[in-house]
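What follows is a set of notes on a single structure, which appears directly below.
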Amino acid sequence: MAEKVAELQRLPYRLREPFLTSPEVALFRVLHQMVGDRYLICPKVALNDVFYIVRPNENVHFFNKIFRKHVDFLLCDPQTLTPAFGVEIVKPVTKTETRAADQFMEELFTSAGLPLVHVPSTDKYEIADVMSLFQLALTRIGESVSLRVRRTSDSVPLCPVCGKMMVLRVRRDGVTGDKKYYGCMDNPRCPGVIPIE
C-alpha cells in the first residue's frame with residue numbers, strides 16, 4: 001500500500017486551477033439561471049465526443065480539425081442527454097473579420113444540425129443579451145435543427161459476415177484499373193466484402 005502511495009506521489013499531474021476561466025464561470029451562472037432544469041449544462045466537452053467522422057478511413061485529414069478541441073458548453077436534454085445547443089465564448093472581432101477557428105466551429109455544428117451560440121468574452125453577462133444570441137443561433141440553423149437526417153451514403157457499412165465496421169479498400173489491377181470496395185476491418189480473419197459499383 002505504501003508503495004502505491006509513493007508511486008502516485010511521483011506522477012507529474014496536478015489539479016488544473018481554475019477549471020473554468022472567469023468569463024466561463026460568469027457565462028455558466030447566467031446559462032444556469034436562463035435554462036434552469038430544461039437543459040443539462042456540460043462544460044468543456046471534447047468535439048470528438050460529440051461528433052464522429054463519416055467514412056473515417058477516407059476522411060483522415062478531418063480528424064485533426066476536432067482532435068484535442070472542445071466546445072465551451074454543451075446544453076443537453078436532461079432525460080436523453082441528446083445535445084441541443086453548443087455555446088462558445090469568442091474573442092471580440094470587427095464586423096468584417098471572422099476568426100478561422102470560430103468559422104470552422106460554426107460550419108461543424110451547422111453541418112450536424114446543431115445550433116452554436118457565439119457569446120463575446122466578458123466577465124459579466126445579462127440574461128436578455130445571451131437569450132438574443134440563442135435566438136440568433138436558432139435563426140441561423142433554420143430547419144436543419146429538427147431534421148438530423150443521416151444519409152445512408154454517409155455511413156460505413158457493417159460486415160455481412162461478422163457485423164464489424166468495414167473500411168474502404170482499393171484493389172490494384174494493372175489491366176482494368178483500380179477498384180474500390182469495402183472490406184471487413186478484421187480482414188484477413190474475416191472475408192467479408194461489399195463491392196462498390
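Computed from the coordinates by the stated procedures, all read-outs in this text should not be read as laboratory data. None of the values given here were measured: they were computed from a predicted structure. When we count neighbours, we look across all protein chains shown, and the Cβ atoms used for this are built from the backbone with ideal geometry, even at glycine.
Some points to look at:
- Treating r as the C-beta distance of LYS164 and ILE127 and R0 as 45 Å, the FRET efficiency rounds to 0.40.
- Nonlocal amide H pairs with LYS69, under 5 Å, H built at 1.01 Å: LEU47, ASN48
- Placing a pseudo-label 7 Å from each Cα along the Cα-to-Cβ vector at PHE19 and ALA112 gives an inter-label distance of 2.2 nm.
- Multiplying the residue separation of ASP49 and PHE63 by 0.36 nm and removing their Cα-Cα distance gives an extension gain of 3.8 nm.
- 14 Å beta-carbon shell around PHE28, net charge (K/R +1, D/E -1): -1
- Temperature 20 °C, viscosity 1.002 mPa s: under these conditions the Stokes-Einstein estimate for region 156-195, based on its Kirkwood radius over C-alpha pairs, is 208 µm² per second.
- Under a 5 Å amide H cut-off, with hydrogens placed 1.01 Å from N, PHE85 pairs with LEU75 among residues at least 5 apart or on other chains.
- In order along region 34-50, the Karplus-derived 3J(HN,Hα) couplings, from 6.51 cos²θ - 1.76 cosθ + 1.60 at θ = phi - 60°, round to 6, 9, x, 8, 5, 9, 8, 9, 10, x, 6, 9, 4, 4, 6, 8, 9 Hz, and Gly and Pro are given as x.
- VAL90-THR139 FRET efficiency (beta carbon distance; Förster radius 22 Å; 0.05 resolution): 0.80
- Pairs with C-alpha atoms separated by more than 26 Å, drawn from the list LYS65/LYS124; LYS44/LYS65; LYS65/LYS179; LYS44/LYS164; LYS69/LYS179; LYS69/LYS180, are LYS65/LYS124; LYS65/LYS179; LYS44/LYS164; LYS69/LYS179; LYS69/LYS180.
- Principal semi-axes in Å for region 33-106 [√(5λ), Cα gyration tensor, largest first]: 24, 20, 9
- Peptides 122-133, 13-24, 28-39 ranked from most to least packed give 28-39, 122-133, 13-24, packing being the mean of other C-beta atoms within 10 angstrom over each peptide's residues.
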